[in-house]
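Visitor: The structure follows.
Please treat every number below as a calculation from the coordinates, not as lab data. Computed from a prediction, not measured in an experiment: that's the story for all the values here. For neighbour counting, all protein chains shown are included, and Cβ atoms are generated from backbone atoms with ideal geometry for every residue, glycine included.
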Amino acid sequence: MLNLVSFVGIFGLCFIAWCFSEDRRDIPWKVLMWGIGLQLVIGALVFLVPPTRDLVLVLNDVLNAVIDASEAGARFLFTDLFVPQPGTEPSGPI
């Protein structure tokens, strides 16, 4: 059910963008369809092909290691002036 909501959300965001556009008649349909198509293909690869899912998980682990290392460096350099104490999580996406 959640995937269906996400699928409908793609078109909902396109509709909102159309509502706020200046020239509603001049829509680059080819670009729009390519963008939506790429999102659907990448989403299907991540959800349906296990090696792709594993690759995304490995990339997630690598990026988390980089973030942890940069936080440790900032804590070393700035002590408690800049970086929150361990155990406190950021309030939103980074």
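Visitor: Take the Cβ-Cβ distance between Cys14 and Leu77 as r, set R0 to 30 Å, and report the resulting FRET efficiency rounded to the nearest 0.05.
Guide: Given R0 = 30 Å and the Cβ-Cβ separation, E is 0.10.
Visitor: Report the extension gain between Leu2 and Val41 in nm, rounded to one decimal, defined as 0.36 nm multiplied by the number of residues separating them, less their alpha carbon distance.
Guide: Between Leu2 and Val41, full extension yields 12.3 nm more.
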